[in-house]
Amino acid sequence: MTAAVAESAFGHAFASERCRVVNVDGRASRLPVEDWTRTADAADLALLSYCAGPTIDLGCGPGRMTAALTARGLPSLGVDVVPEAVAETAARGGRAVCRDVFEPLPGEGWWATALLADGNLGIGGDPLALLARLRRLLVPGGRVVAEVHPPGTPSGPLLAELVCDCGGSSQFPWATVGADAIRSIATEAGFAVTRLAPLPQLRPTEPRPPSRVRALTPGRDRWVAVLVEETS
């Protein structure tokens with residue numbers, strides 16, 4: 001089969017088709033769809049505690065974070081390029097649009113918080129360009145709540161592709177951003193890092209999720225970075 005765009009392959013993955021990430025750091029890994037389709041866990045809720053006011057969830061996937069924000073009473077909107085993900089977000093009771101982050105979005109300049117969970121600071125392969133885009137989405141002095149990789153993780157751009165029964169995707173750009181690199185990236189983009197800390201781990205008595213794909217999403221040692229736009 002010929003390679004499809006990444007959105008189509010992700011749609012097949014959300015429909016329970018087994019899918020792998022390949023050509024990421026020269027290795028193949030399982031796509032952690034079950035981590036995205038479950039309900040929000042304790043670490044997710046700790047991440048969401050840094051969201052304030054109207055929040056836009058970029059790369060929302062099947063909507064576990066958007067739904068949890070809605071349950072907390074925060075005006076929220078999920079954004080994803082995969083139609084199946086947007087439909088699942090709506091089924092969970094969240095609002096979402098099928099749109100590219102770099103396209104015009106509802107509420108430009110109105111959002112108080114932009115959420116980048118699951119390593120979504122890597123969207124597009126250029127964190128600086130993504131943060132510049134977010135400045136146009138946020139109110140002056142707004143914040144970005146981003147999940148980053150733990151200290152010691154190499155940061156930088158990469159190319160990834162998905163392989164599944166449908167034939168998989170063509171390569172798409174991504175980036176890994178570790179806790180060691182976020183301050184310099186934020187400063188260059190006009191943000192100040194006001195919080196950089198590990199998220200609480202699951203208690204031993206709770207079921208532990210399967211290991212994640214390190215190159216695309218942060219590992220079990222999850223970290224949060226809160227970036228606040230610097231205004232003159």
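Rounded to the nearest percent, how much of the accessible area of the stretch 1-153 (1.4 Å probe, protein heavy atoms only) is carbon and sulfur? All intermediate terms of the calculation are to be shown ahead of the outcome.
Working: 3350 of 5970 Å².
Carbon-and-sulfur percentage of accessible area, whole number: 56.
If you stretched the chain out fully between residue 136 and residue 184, how much longer would it get, using 0.36 nm times the residue separation minus the C-alpha to C-alpha distance?
Numbers: separation 48, 0.36 × 48 = 17.28 nm, distance 2.02 nm.
Length gained between residue 136 and residue 184: 15.3 nm.
Assuming R0 = 35 Å, can you tell me the calculated FRET efficiency for the pair residue 129 and residue 98, based on Cβ-Cβ distance, to the nearest 0.05? Working shown, then result.
Details: r = 21 Å, r/R0 = 0.61.
E(calc), rounded to 0.05, equals 0.95.
Starting from the Cα-Cα distance between residue 42 and residue 170, subtract it from 0.36 nm times their residue separation and give me the gain in nm to one decimal. Please report the intermediate quantities before stating the final value.
Details: separation 128, 0.36 × 128 = 46.08 nm, distance 3.46 nm.
Difference between extended and current length: 42.6 nm.
Among rounded, prolate and oblate, which fits the stretch 46-151 when a ≥ b ≥ c are the square roots of the eigenvalues of its C-alpha gyration tensor, a/c under 1.5 means rounded, and a/b larger than b/c means prolate?
Note, shape of the stretch 46-151 comes out rounded.
If DNA, RNA and ligands are ignored and the probe is 1.4 Å, what is the ranking of 169, 8 by accessible area, most exposed first?
8, 169
Can you give me the relative contact order of the stretch 72-111 as a percent, contacts being Cα pairs under 8 Å and 6 or more apart?
Relative contact order of the stretch 72-111: 38 percent.
Can you give the FRET efficiency to the nearest 0.05 for residue 231 and residue 159, using r as the Cβ-Cβ distance and R₀ = 35 Å? Don't skip to the end; give the middle numbers.
Details: r = 35 Å, r/R0 = 1.01.
Efficiency for this residue pair is about 0.50.
What FRET efficiency do you get for residue 20 and residue 195 if R0 is 41 Å and r is their Cβ-Cβ distance, rounded to the nearest 0.05?
After rounding to 0.05, the efficiency reads 0.75.
Probe of 1.4 angstrom, ligands and nucleic acids ignored: what's the accessible area per residue over the stretch 91-143, in square angstrom?
41
How much solvent-accessible surface does residue 121 expose, in Å² to the nearest 10, with a 1.4 Å probe and all protein chains in place?
Roughly 0 Å² of residue 121 is accessible to a 1.4 Å probe.
The values are calculated or read from the model by the stated rules, or taken from the named source; none is laboratory data. Everything numeric here is computed off the predicted structure, so don't read it as measured data. Cβ coordinates were reconstructed from backbone atoms using ideal geometry, including for glycine residues, and neighbour counts include every protein chain displayed. SASA here: full protein model, heavy atoms, side chains in, ligands and nucleic acids out. Shrake-Rupley method; radii C 1.70, N 1.55, O 1.52, S 1.80 Å.
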